[in-house]
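**Student:** I have a structure I would like to understand better, so I am pasting it below and will then ask my questions one at a time.
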Amino acid sequence: MAVREIIRMGHPTLRKVARKLRKEEIVGKDIRTLVDDMVDTLHASGGIGLAAPQINESVQLAIIQIPKLGSRYGVLEELPLTVFVNPEISVVADAESAGNWEGCLSVPGLRGWVERPQHINLQYQDLDGVQHAREFTGFHATVCQHELDHLTGHLFVDRMTDMTKLVFEDLLVPEDAYPD
Ligand code: NI
């Protein structure tokens, strides 16, 4: 287990489409170790999600853990540590969108206003290779989309429609940062 270096915007790995993992890889020792490293790295960074490409491993793997007691995003609904392998996302047809001041461990110091659909379906495998289908709504849907974007070479700045809303974190007024 180890805290790994998080690569930043500009590193080519963040712009690649990550490769899918085969069943025998998912249950193997190397991926267990990689997930342990990702958990350590996430905890050390104080973030709520991390995708494997962010530690320069271009594979379809992401983790999300939203603590009950809040984070730099304010007080949030808890999501226990969840590992997503080979995830596929689909937006529910009539989903409404909502905006958040998103940040990213690979884009340190900045926040950007991003609007995303608030109702998605996700298919993914767990670390035993078992397939899951789950629905996510609200902020959880936003976080899933942000993390899974990393697996297709996208960053939150790509999803912004108003670049005047790309700001330094320390200049965000708290009531703007947490609109809900
Ligand atoms: Ni990110």
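**Student:** Just one of the numbered conditions (1) in contact with a helix residue (DSSP H, G or I) (Cβ under 9 Å, 6 or more places away or on another chain); (2) more than 20 Å from residue 40 (Cβ to Cβ); (3) in a strand (DSSP E or B); (4) open to solvent by 20 Å² or more (accessible area, probe 1.4 Å) is not true of residue 76; which one?
**Tutor:** Here residue 76 clears every test but (3).
**Student:** Oh, and also: If you go through segment 108-120 one residue at a time, do you hit one that is farther than 23 Å from residue 34 by Cβ, open to solvent by less than 70 Å² (accessible area, probe 1.4 Å), basic (Lys, Arg) and over 14 Å from the mean Cα position of the chain (by Cα)?
**Tutor:** For segment 108-120, residues farther than 23 Å from residue 34 by Cβ, open to solvent by less than 70 Å² (accessible area, probe 1.4 Å), basic (Lys, Arg) and over 14 Å from the mean Cα position of the chain (by Cα): present.
**Student:** Given the structure, is residue 120 of a type in the set (Val, Ile, Thr), farther than 30 Å from residue 171 by Cα and within 16 Å of the ligand (Cβ to nearest atom)?
**Tutor:** no
**Student:** Another one. Please determine, by comparing only the residues of segment 27-49 that are of a type in the set (A, V, I, L, M, F, W, C), assigned to a helix (DSSP H, G or I) and open to solvent by less than 60 Å² (accessible area, probe 1.4 Å), which one is nearest to the ligand (Cβ to nearest atom).
**Tutor:** Here is the first cut: in segment 27-49, the residues of a type in the set (A, V, I, L, M, F, W, C) are 27, 31, 34-35, 38-39, 42, 44, 48.
Those left that are additionally assigned to a helix (DSSP H, G or I): 31, 34-35, 38-39, 42, 44.
Keeping just the survivors that are open to solvent by less than 60 Å² (accessible area, probe 1.4 Å) gives 31, 34-35, 38-39, 42.
Working: 31: 20, 34: 17, 35: 17, 38: 13, 39: 16, 42: 11 Å.
This residue is 42.
**Student:** Residue 27 - would you say it is farther than 25 Å from residue 160 by Cβ, touching a residue at least 40 places away in the same chain (Cβ under 8 Å) and touching a Lys or Arg at 6+ places or on another chain (Cβ under 9 Å)?
**Tutor:** Judged against the criteria, residue 27 is not a match.
**Student:** Still on this model: Can you work out which of the residues in segment 83-98 that are more than 16 Å from the ligand (Cβ to nearest atom), over 17 Å from residue 54 (Cα atoms) and part of a strand (DSSP E or B) is least open to solvent (accessible area, probe 1.4 Å)?
**Tutor:** Among those that are more than 16 Å from the ligand (Cβ to nearest atom), over 17 Å from residue 54 (Cα atoms) and part of a strand (DSSP E or B), it is 98.
**Student:** Does residue 161 qualify as being more than 15 Å from the ligand (Cβ to nearest atom), within 15 Å of the chain's Cα centre (by Cα) and among the β-branched types (Val, Ile, Thr)?
**Tutor:** No, not satisfied.
**Student:** With respect to residue 57, determine if the residue is under 16 Å from the mean Cα position of the chain (by Cα), modelled with pLDDT under 95 and either farther than 19 Å from residue 145 by Cα or in a loop (DSSP other than H, G, I, E, B) (or both). Steps first, please.
**Tutor:** On the way: under 16 Å from the mean Cα position of the chain (by Cα): yes; modelled with pLDDT under 95: no; either farther than 19 Å from residue 145 by Cα or in a loop (DSSP other than H, G, I, E, B) (or both): yes.
It is false that residue 57 is under 16 Å from the mean Cα position of the chain (by Cα), modelled with pLDDT under 95 and either farther than 19 Å from residue 145 by Cα or in a loop (DSSP other than H, G, I, E, B) (or both).
**Student:** In addition: Right, residue 139: at pLDDT below 95, within 16 Å of the ligand (Cβ to nearest atom) and under 15 Å from the mean Cα position of the chain (by Cα) or not? Spell out how you get there, then give the answer.
**Tutor:** On the way: at pLDDT below 95: yes; within 16 Å of the ligand (Cβ to nearest atom): yes; under 15 Å from the mean Cα position of the chain (by Cα): yes.
Considered against the rule, which asks whether it is at pLDDT below 95, within 16 Å of the ligand (Cβ to nearest atom) and under 15 Å from the mean Cα position of the chain (by Cα), residue 139 comes out as yes.
The values are calculated or read from the model by the stated rules, or taken from the named source; none is laboratory data. None of these values were measured; they are calculated from a predicted model. When we count neighbours, we look across all protein chains shown, and the Cβ atoms used for this are built from the backbone with ideal geometry, even at glycine. Only protein heavy atoms, including side chains, enter the accessible area calculation; ligands, DNA and RNA are left aside. Shrake-Rupley method; radii C 1.70, N 1.55, O 1.52, S 1.80 Å.
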